[in-house]
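One structure below.
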Amino acid sequence: GAGVSQSPRYKVAKRGQDVALRCDPISGHVSLFWYQQALGQGPEFLTYFQNEAQLDKSGLPSDRFFAERPEGSVSTLKIQRTQQEDSAVYLCASSRVGTRGFNEQFFGPGTRLTVL
Amino acid sequence: AQSVTQPDIHITVSEGASLELRCNYSYGATPYLFWYVQSPGQGLQLLLKYFSGDTLVQGIKGFEAEFKRSQSSFNLRKPSVHWSDAAEYFCAVYFNKFYFGSGTKLNVKP
């Protein structure tokens with residue numbers, strides 16, 4: 001596609017619900033990243049994929065957060081038993097080469113998650 | 001630990017005036033430095049980056065930034081601001097992963 005797309009753009013969940021956020025990277029991009037951006041803050045790294053391999057998940061805040069990229073293209077970030085502190089914008093980015101994003105990352109518009 | 005500080009949360013400038021957004025980083029070596037812009041509802045867009053060499057780097061949309069090792073700074077500048085530059089600007093450092101500052105929101109007065 002023309003750019004990185006994310007869906008849904010907005011998600012409202014009740015506390016305790018599970019949510020799934022989708023990222024469609026630019027076609028052919030090897031690297032994929034997830035970030036969490038809290039209100040008034042900069043993005044914070046969550047996890048990194050090189051093709052289908054999750055090479056770094058050090059930023060995932062708890063074991064309620066899980067990400068996958070089974071075929072090395074589309075990725076899903078899943079949050080189980082959502083809490084209010086999970087409310088944030090979740091950004092996805094992709095990069096052409098597999099060097100942990102050292103080259104330019106292209107960001108999607110984000111999914112704004114609100115947990116009530 | 002790596003950190004990035006953007007001391008100005010909000011800045012307002014008049015259209016046509018010059019702009020400087022401050023960024024300081026904490027890192028033990030020469031970092032890879034970036035500036036991104038985020039417009040409402042849009043993804044982050046790369047303005048410019050510094051890896052090595054000339055400490056004054058040019059970016060898109062007329063922006064430039066200067067790396068000053070002695071001050072651990074990488075300030076973003078533009079000689080004449082346009083109304084369309086109103087957005088939020090993020091400085092970032094790369095060390096195995098990206099570390100972003102908390103951002104500076106730029107308002108442009110007509």
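For the stretch A:56-72, 3J(HN,Hα) computed residue by residue from phi via the Karplus equation (6.51, -1.76, 1.60; θ = phi - 60°) reads 8, 10, 5, x, 5, x, 7, 6, 7, 9, 9, 10, 8, 8, x, 10, x Hz, glycine and proline entered as x. Within the shell defined by Cβ-Cβ distances under 14 Å, the residues around B:N75 carry a net charge of +1, with Lys and Arg each +1 and Asp and Glu each -1.
Our coupling estimate for the stretch A:85-92, obtained by passing each phi through the Karplus curve with A = 6.51, B = -1.76, C = 1.60 and θ = phi - 60°, is 5, 7, 4, 4, 9, 9, 9, 10 Hz, Gly and Pro reported as x. Counting only aspartates and glutamates at least 8 places from A:K14 when in the same chain, those with an alpha carbon closer than 15 Å to its own are A:E85, A:D86.
By the scheme Lys and Arg +1, Asp and Glu -1, what is the net charge of all other residues having a beta-carbon under 9 Å from that of B:T104?
0
Please give the residues of the stretch B:35-69, grouped as numeric ranges, whose backbone N is less than 16 Å from a label point set 7 Å along the Cα-to-Cβ vector of A:Y10. In the stretch B:35-69, the label zone of A:Y10 (backbone N under 16 Å from the point 7 Å along Cα→Cβ) covers B:40-42. Under 5 Å between amide hydrogens, built in the peptide plane, is the criterion, and for B:A17 it picks out B:V81 among residues at least 5 positions away or on other chains. So which aspartates and glutamates pass the test for B:K61, namely a Cα distance under 18 Å, with those fewer than 8 places away in the same chain ruled out? Within reach: A:E104, B:E15, B:E20, B:D85, B:E88.
Note on A:S87 and A:Q41: the extension gain reaches 15.3 nm, defined as 0.36 nm multiplied by sequence separation minus the Cα-Cα distance.
In plain terms, the chain from B:S102 to B:H10 could stretch by 32.0 nm, reckoned as 0.36 nm per residue minus the Cα-Cα distance. Computed from protein heavy atoms with a 1.4 Å probe, the total accessible area buried between B and A is close to 1500 Å².
If you run the Gaussian network model on chain A, springs between alpha carbon atoms under 10 Å, then out of A:G40, A:G28, A:G72 the most flexible one is A:G40. Among residues other than B:Q6 whose Cβ falls under 15 Å from its Cβ, what is the net charge (Lys/Arg +1, Asp/Glu -1)? Computed value for this residue: -1.
Taking each of A:K78/B:K68; A:K78/B:K78; A:K57/B:K109; B:K68/B:K105; A:K78/B:K97 in turn, the alpha-carbon distance tops 32 angstrom for A:K78/B:K68; A:K78/B:K78; A:K57/B:K109.
For an R0 of 41 angstrom, estimate the FRET efficiency from the Cβ-Cβ distance between B:A29 and A:Q17 and round to the nearest 0.05.
0.40
Relative to one another, the C-alpha centroids of the stretch B:1-70 and the stretch B:91-106 are positioned 9 Å apart. With all protein chains in place and a 1.4 Å probe, the accessible surface of the stretch B:3-109 carries 48 percent carbon and sulfur.
The values are calculated or read from the model by the stated rules, or taken from the named source; none is laboratory data. Given the structure is predicted, the values throughout are model-derived calculations rather than measurements. Positions of Cβ are backbone-derived with ideal geometry, glycine not excepted, and every protein chain shown enters the neighbour counts. Remember, those area values only see protein heavy atoms, side chains included, never the ligands or the DNA or RNA. Shrake-Rupley method; radii C 1.70, N 1.55, O 1.52, S 1.80 Å.
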